[in-house]
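This report concerns only the one structure given below.
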Amino acid sequence: MSGVLVAEAVTKRFAKGDEAIVALRELTVRIEEGSFVSVLGRSGCGKSTLLNMLAGLTAPTTGEIRYRDRRLDGPGPRIGYLTQHDTLMPWRDVLRNVELPLQILGVDARERRADATDLVRRVGLAGFERHYPRELSGGMRRRASLARLLAGRPETLLMDEPFGALDAQLRTELQEELARLWQGSGQTVVFVTHDIEEALLLGDRVVVLGGLGRILLDLEVGLARPRRADDLRTEPEFVALHRKLSAALKGE
Ligand SMILES: Nc1ncnc2c1ncn2[C@@H]1O[C@H](COP(=O)(O)OP(=O)(O)OP(=O)(O)O)[C@@H](O)[C@H]1O
Ligand SMILES: [Mg+2]
């Protein structure tokens, strides 16, 4: 089977004094180009560890990560990563944080400013362009990070619980905005979440991870797009998928 991004029998061990902590064991997963894959799992099952390796930030202990059939040996501009923890630059305001990937790509100042301003608006931060990260709430920082991720238009996007800290209303708005921006873009997305509904609302596929990154379930999501949270909840197919995912998580 092909796949733009492939984890092949990856194991990740961390050393803690004399002990070794195994975070993932022999995980194999293939991400098809242009697909939106939700990764669902309980806290501590290894989701962030997996994304760090898919981003090229850390190497697996054994096994390998391949990107476009080449062994991935470091991060690069083709793979954008929204980490679980905040990485905004404290000395840059919101707009200049969002502009950063465009600056790196050498986009000229005016175009970069226009693009960044549009993205800042899309994530609901209009009016906060000149605020520094320390002047924002946790949810606002998440949204600024999302805008920065999208600004560079990487061919592959890795997102680690981007909407976890947001209120329900804002979360729904941003899920729909992300789906809109992604659809037709050709971008490949790996999206980590704890939330079953979010996984189904966004994904073409949901991969459920259990302890040590064991794959408990790998489901295709055939729900038509665009999907709206309010309509989905009463749709029989959604309800059936939700039940399966919930049972897989509980069975751990
Ligand atoms: N740098 C590290 N050193 C030692 N152990 C680590 C390190 N990073 C992760 N681990 C361990 O690996 C396991 C998986 O951690 P990981 O952060 O990948 O979980 P997660 O699925 O992302 O959890 P959450 O949903 O809470 O974010 C945990 O047992 C954690 O303690
Ligand atoms: Mg995590």
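The values are calculated or read from the model by the stated rules, or taken from the named source; none is laboratory data. What you see is a predicted model; the values in this text were computed from it and never measured. Note that we place each Cβ from the backbone using ideal geometry, even for glycine, and neighbour counts take in every protein chain shown. Just so you know, the surface numbers come from the protein's heavy atoms only, side chains and all, with ligands and any DNA or RNA stripped out. Shrake-Rupley method; radii C 1.70, N 1.55, O 1.52, S 1.80 Å.
Odds and ends about this structure:
- Of all the numbered requirements in (1) within 18 Å of residue 177 (Cβ to Cβ); (2) touching a strand residue (DSSP E or B) at 6+ places or on another chain (Cβ under 9 Å); (3) at pLDDT 95 or above, residue 116 misses one, and that requirement is (2).
- Residue count for the range 37-47, restricted to those that are more than 10 Å from residue 23 (Cα to Cα) and either in a strand (DSSP E or B) or within 9 Å of ligand 2 (Cβ to nearest atom) (or both): 6
- Tally, over the range 204-220, of residues that are open to solvent by less than 10 Å² (accessible area, probe 1.4 Å) and either among the β-branched types (Val, Ile, Thr) or over 20 Å from residue 27 (Cα atoms) (or both): 3
- Those residues of the range 13-62 which are open to solvent by less than 70 Å² (accessible area, probe 1.4 Å) and polar (S, T, N, Q), in sequence order: 28, 35, 38, 48, 49, 52, 58, 61, 62
- Filter result for residue 65 (at pLDDT below 95 and either within 16 Å of ligand 2 (Cβ to nearest atom) or open to solvent by less than 80 Å² (accessible area, probe 1.4 Å) (or both)): no
- Residue check: residue 243 meets all listed conditions (1) open to solvent by 60 Å² or more (accessible area, probe 1.4 Å); (2) at pLDDT below 95; (3) closer than 30 Å to residue 26 by Cα but one, namely (2).
- Under the condition of being open to solvent by less than 80 Å² (accessible area, probe 1.4 Å), within 17 Å of the chain's Cα centre (by Cα) and under 21 Å from residue 143 (Cα atoms), the residues counted in the range 68-93 number 9.
- Selection of helices (runs of 4 or more DSSP H) fully inside the range 94-185 by the criterion of at least 2 residues being open to solvent by less than 30 Å² (accessible area, probe 1.4 Å), within 16 Å of ligand 2 (Cβ to nearest atom) and within 30 Å of residue 43 (Cα to Cα) returns 138-151.
- Condition met for residue 28 (polar (S, T, N, Q), over 26 Å from residue 246 (Cα atoms) and more than 14 Å from ligand 2 (Cβ to nearest atom)): no
- Number of the condition not met by residue 11 [criteria: (1) part of a strand (DSSP E or B); (2) within 16 Å of ligand 2 (Cβ to nearest atom)]: (2)
- Pair list, Cβ < 9 Å and 6+ apart or interchain, from the range 104-118 residues that are among the polar types (S, T, N, Q) to residues that are not in a helix (DSSP H, G or I): 117/126; 117/129
- Checked against the criterion of being more than 16 Å from ligand 1 (Cβ to nearest atom) and of a type in the set (A, V, I, L, M), the range 63-83 has at least one qualifying residue.
- Given (1) under 27 Å from residue 148 (Cα atoms); (2) free of Cβ contacts under 8 Å to residues at least 12 places away in the same chain, index of the condition residue 19 fails: (1)
- Note on the range 15-48: residues that are under 28 Å from residue 180 (Cα atoms) and within 8 Å of ligand 1 (Cβ to nearest atom) amount to 4.
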